[in-house]
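In what follows, a structure is listed as structure tokens, so that the remarks can point back to it.
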Amino acid sequence: MGKYNSELFIQITSGRGPAECCWVVAKLLKEVLDDLKSKNINHQVLSRSEGPLHHTISSVLIKVTGNDLEEELKEWKGTIQWIGKSPFRKFHKRKNWFVAIDFFQEKTIEKLNTKDLQFQTFRGSGPGGQHRNKVETAVRVTHVPSGISVEVSDGKSQHQNKQKALEKMREKFELLRLEQTKEKLEQQWMNHLALERGNAVKVYKGTQFKQ
């Protein structure tokens, strides 16, 4: 039996490579999503960073849930090589392009600690009449270590606004930590690129992107 994983993140990245690598990432995204569908693995594309040209993606993050995920998807983890002429630069001589697919789990990402949050109340501005301006119902929440701040003032009470602000902070923090993890993985990938080039887990060829 493989290790049980309730949740896994898959990152496909060009490692900040040129447009050709971003083209490969876009092609790979379709391949990976098709594989996840064929294996009936629940998945969600959390974020994607568009590449420099149309139909290119520099990196994409997919969240998958299920059992034995690392085992089920191990064929994808590592360096992916595409052999072909640049679809963008007609006379470019390079024919080998490399991108990476890596996995990471939730436990590797920093969690939001409510002890790091600072709450402030203030008078809301805008619609609401005189009553609203007399009572400090608006709420600002700041995550002290990162400096992230959100404000909510559209609720009728301070309690309502506090709950909404907390939800918005969680969403904002989630995006920030995922972006930080993506950047860290991309940096690792770039550092190891020279070593990994001769050790591709999958090789595709031509504009039809065939294995």
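A few points about this structure:
- Rounded FRET efficiency, nearest 0.05, which uses the C-beta distance separating Glu171 from Arg16 and R0 of 30 Å: 0.65
- Full-stretch length increase - Arg123, Glu71 - with 0.36 nm per residue and alpha-carbon distance subtracted: 13.3 nm
- Summarising the amide proton neighbourhood of Phe88: residues at separation of 5 or more, or on other chains, whose placed amide H is nearer than 5 Å comprise an empty set.
- Computed over every Cα-Cα pair of segment 8-62 and binned at 10 Å starting from 0, the pair-distance distribution P(r) comes out as 27, 52, 20, 1 percent.
- For Ser58, nonlocal amide neighbours, meaning residues 5 or more places apart or on other chains whose placed amide H falls under 5 Å from its own, are Ser49, Glu50, Gly51.
- Here the Kirkwood formula puts the hydrodynamic radius of segment 1-104 at 14.2 Å, using every distinct Cα pair.
- Annotation note: chymotrypsin sites (Phe, Trp or Tyr not before Pro) in segment 1-98 located in DSSP loop regions with a Cβ neighbour count of at most 16 within 10 Å are Tyr4, Phe88, Phe91.
Read-outs throughout are calculated quantities, based only on the coordinates presented, and are distinct from any laboratory measurement. This structure is a prediction, so every number in the text was calculated from the model and none was measured. Ideal geometry is used to build each Cβ from the backbone, glycine not excepted, and the neighbour counts take in all protein chains shown.
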